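Every read-out reported here was derived from the displayed coordinates using simple, explicitly stated rules and does not represent laboratory data. Every value quoted in this text rests on a predicted model; they were computed, and no experiment measured them. In this analysis, Cβ positions are derived from the backbone assuming ideal geometry, glycine residues included, and neighbour counts consider all displayed protein chains.
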Amino acid sequence: MAFTAKWIRSGIDTGGACPAFAKAFRAGGKLAKATLLITATGAYEAAINGRRVGDYVLAPGWTVYSKRLQYQSYDVTGLLGEQNELEVTVGDLWYRFPSSEWQKNGKDGGWPAPAPAGVYARIELRYADGSREAIVSGASWVSRESPVRSSQLYDGEVYDATFAGGAEAAAVEFDPPGFALVRQQGEIIKEHERLSPAAIFRTPAGETVVDFGQNLTGYTEFAVSAKAGDRISVSHAEILDRDGNFYTENYRAAKARIEYTCKDGRQTYKPKLTFFGFRYIRLDEFPGEPSPDCFTAIAVHSDIRRTGFLSCSEPMLNRLFSNIVWGQKGNFLDVPTDCPQRDERLGWTGDAQAFAKAASYNFDVERFFAKWLQDLAIDQRLAGFVPHVVPNVLQKASLPNALEKGGASSAAWGDAAVICPWQMYLAYGGRELLSRQYPSMRRWVDYVGSITKKESLWTGGEHFGDWLGLDSPPGSYKGASREDFIASAYYAHSTALLIKAGRALGKDVSKYESLLGRIARAFQKEFPEYLTQTEHVLAIHFGLAPDPQKAADDLAAMIERDGSQLRTGFAGTPYILHALSRYGHSRLAYTLLLRKEYPGWLYPVSKGATTIWEHWDGIMPDGGLWSRDMNSFNHYAYGCVADWVYEVAAGITPVEEAPGFAKLRVEPHPDERLGWLEAVVETRHGRARSRWEHVEGRVRYEIDVPSPAVISIGGAERAVPPGSYVF
């Protein structure tokens, strides 16, 4: 798309301050409509006559900038008068990644040499008499320093409200890198919940801390009365240490600070071009005595619509459900990030595939994933490998020799290329997304076959394995499960899903049907025994165990020998409860879900968690911390357990032959340790609801289905039309 505009950069050296670009213009008659088309190399905030344009924050979003950049369209009719000025401030954010340990490996990889902070814009004026006029970015625009003295992804923002403006110069036209401009594809990023402080207190170390009571992603708005030159300096944290002091070591190199220089009088400020992950803020400098009405935490995330709701009789489980939702909101900020706080915040593929099913129940994420998966396919390139993160800022994406050594992709991470599109199809029934991603899905499966050391398996290469598995040997983040086992199991799983996708699209998948048979036979020969919980889980859930009932019984026995504790990591945890309940061990699955001691889903709740943790024992039973460098307290992957609650505990599942809940199956699995449980899912066809409750020694079921369904209660199946049913 071309606006017939020119890219412009600042004509002056702003010395690290965010540049602003301005254009004064006159509306030459009575306006019928005015539209602003705009994008930037960096996050931008646009204002007309001092009023912010739109409610999209952190625009234009994060894409594979070397290939494509989104632009936005705003109706600005109501902002215009006769004389007008458009001003656009541009910060670094994702476009100019900061220097950190994470970025050292990617500087000369898939990340482009960044263009200057620049703007590309067009204002289209349509008058009541039918005439039109266009104002486009070019050398007639003015560039200048802005009050935003710096704004970065990890370090935060510095703002000087006393800044009176410095030198101005004509903007300079330039040729940007060779990306394509594409219309906004993903959900926009917006401000959502506004939280007042739960408490303001002094720590034992003498720090003044504001607690918002909820770990969130976004920023804090300040409202203060001050004198010109007074300063507000704020640091962010997720937790307090065991002594009750402000704790930031887990942010690693991310400074995550706000520095604000006040003007005279009453004033309000919130960051413009960055975000933070936090529950607490520390007031390192603040004018006067802080009070609760000075602070509001604003949650920022992609504008995804809530569609799934879980509730039950157990308060700690309800807190877990809330934590899962907050973890999803905090990490679904344009891309599915691993965490929102430390010097990372990247689109990790492993986290995304583990959580995709739960994500699609909790919220409508079809458009969100459609945009991210297109970037995955772009970063995948022709070789078929899938990088660890999308957009790919960590790996060299253009070195075939490196790819052939097997080090470029990891099993269970790269498999996001197949798992996520298939889940979106099941949840929403959209063939367009599946069809668009099918070549990417096929390239991934073909890629695995091209790099393996042993035919019909995936052996060799470097993998994350069962990342953070609790059976990991000392000094390792990887669980004890064999990496070749995990890789080969996921190879089979992706091949099976590719076959299903191909059949849904009317493709010839005979080649992959033969491949899947060979993988299964080779797998059973290579791995006749399962040594860990995760190995059992994957063999069962991916249909590779020759006797799945025996494998499930062995898994249950192993778990009980382990003290009814999870030992799984990223590869096994998403499927462990499913593997148990499918073969008659639902009670043990509930035992794992309801476990309040470490390790278990309710243990972090017992420690005051308000989001999902990266580690089961991020805060250990004695109050100590698991580690300083890998200890996020908003890391959504283990929230994948929600999909088991929707699909098994409540029993709501789509039918593969009629995706998007055009037909569904409802087969609840109650447990007497819960008095009642209810799940509601807003599908493309209407509201599905399943509730069960123990009443006087019996179970009462209330089930609402929006489309034809099979309801299974106590082993008896009933085919029913849309409606409400009580059993």
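With each label point set 7 Å from Cα along the Cα-Cβ vector, what nm distance links Gln185 and Ala557?
Spacing of the two 7 Å Cα→Cβ label points: 5.1 nm.
For Glu462 and Glu173, compute 0.36 nm times the residue count separating them, minus their Cα-Cα distance, and round to one decimal in nm.
Gain in length upon complete extension: 99.5 nm.
Which value in deg cm²/dmol, rounded to the nearest 500, describes the helix-derived mean residue ellipticity at 222 nm for the chain, given -39,500 (n - 2.57) per DSSP H run of n ≥ 4 and division by the residue count?
Calculated at 222 nm, the ellipticity per residue is -7500 deg cm²/dmol.
Which whole-Hz ³J(HN,Hα) couplings does segment 504-514 yield from phi under the Karplus relation 6.51 cos²θ - 1.76 cosθ + 1.60, θ = phi - 60°, glycine and proline marked x?
Per residue, the Karplus-derived 3J(HN,Hα) values read 4, 9, x, 8, 7, 10, 4, 4, 7, 5, 5 Hz.
Using the number of other C-beta atoms within 10 angstrom as an exposure proxy, rank Ser456, Ser143, Ser564 with the fewest first.
So the residues, fewest neighbours to most, are Ser564, Ser456, Ser143.
With each label point set 7 Å from Cα along the Cα-Cβ vector, what nm distance links Lys550 and Ala139?
The modelled label-to-label distance comes out at 8.1 nm.
Express in whole angstrom the spacing between the alpha-carbon centres of segment 630-660 and segment 507-538.
24 Å
Would you please name the trypsin sites (Lys or Arg not before Pro) within segment 176-227 that are DSSP coil residues with at most 13 other C-beta atoms within 10 Å of their C-beta?
Lys227
Where both partners of a DSSP beta bridge lie in the chain, what percent of those bridges are antiparallel, to the nearest 5? Don't skip to the end; give the middle numbers.
Details: 126 of 138 bridges.
Rounded to the nearest five, the antiparallel share is 90 percent.
Among all the aspartates and glutamates, which ones have a C-alpha under 13 Å from Lys6's C-alpha, if same-chain residues fewer than 8 places away are not counted?
List returned: Glu173, Asp175.
Test of understanding: ordering Tyr44, Tyr575, Tyr598, Tyr490 by Cβ neighbours within 10 Å, fewest first, what list do you get?
So the residues, fewest neighbours to most, are Tyr598, Tyr575, Tyr490, Tyr44.
Using +1 at the Cβ of each Lys and Arg and -1 at the Cβ of each Asp and Glu in segment 664-726, identify which of Gly715, Val681, Val695 lies farthest towards the dipole's positive end.
The Cα lying farthest towards the positive end belongs to Val681.
Among the lysines, which fall within straight-line cross-link reach of Lys263, defined as a Cα-Cα distance under 29 Å, with same-chain neighbours fewer than 8 residues apart omitted?
Straight-distance partners of Lys263: Lys23, Lys190, Lys227, Lys255, Lys272.
Could you put Ser450, Ser150 in order, starting from the residue whose Cβ has the fewest other Cβ atoms within 10 Å? Could the numbers behind the result be given before it?
On the way: Ser450 13, Ser150 19.
By the 10 Å Cβ count, ascending, the order reads Ser450, Ser150.
Relative to the longest principal Cα axis of the chain, at what angle does helix 416-428 sit, 0 to 90 degrees, rounded to 10?
Relative to the chain, helix 416-428 is tipped by roughly 90 degrees.
With a Förster radius of 25 Å, plug the Cβ-Cβ distance of Ile12 and Thr162 into 1/(1 + (r/R0)^6) and report the FRET value to the nearest 0.05.
Using R0 = 25 Å, I get an efficiency of 0.80.
Just want to confirm a number: the relative contact order over segment 8-186, from Cα pairs under 8 angstrom separated by 6+ residues, in percent.
Contact order relative to length: 37 percent.
Given all pairs of different Cα atoms, what value in angstroms does the Kirkwood hydrodynamic radius of the chain take?
Hydrodynamic radius (Kirkwood, Cα only) of the chain equals 27.2 Å.
Quote the FRET efficiency, to the nearest 0.05, computed for Ala716 versus Glu526 with a Förster distance R0 of 45 Å and r equal to the Cβ-Cβ distance. Don't skip to the answer; put the middle values down first.
Numbers: r = 41 Å, r/R0 = 0.92.
Working from the Cβ atoms, E equals 0.60.
How big is the charge dipole of the chain about its Cα centre, in debye rounded to the nearest 20, if each Lys and Arg gets +1 on its Cβ and each Asp and Glu gets -1 on its Cβ?
1580 debye
Among Thr89, Ala416, Ala128, flag the residue with its Cα farthest along the positive direction of the charge dipole of the chain, charges on Cβ as +1 for Lys/Arg and -1 for Asp/Glu.
The one lying farthest along the dipole's positive direction is Ala128.
Among the aspartates and glutamates, select those whose C-alpha is under 17 Å from the C-alpha of Lys357, and discard any that sit fewer than 8 residues away in the same chain.
Hits, sequence-local ones excluded: Asp338, Glu366, Asp415, Asp643, Glu647, Glu656, Glu682.
Run the quick spin-label model on Glu289 and Gln83: label points 7 Å from Cα toward the beta carbon, then report their separation in nm to one decimal.
Calculated label separation equals 4.6 nm.
What's the extension gain from Asp622 to Ser322 if we count 0.36 nm per residue and subtract their Cα-Cα distance?
Result: 105.5 nm gained on full extension.
Which whole-Hz ³J(HN,Hα) couplings does segment 185-201 yield from phi under the Karplus relation 6.51 cos²θ - 1.76 cosθ + 1.60, θ = phi - 60°, glycine and proline marked x?
9, x, 5, 6, 9, 9, 6, 10, 4, 10, 10, 7, x, 7, 6, 10, 8
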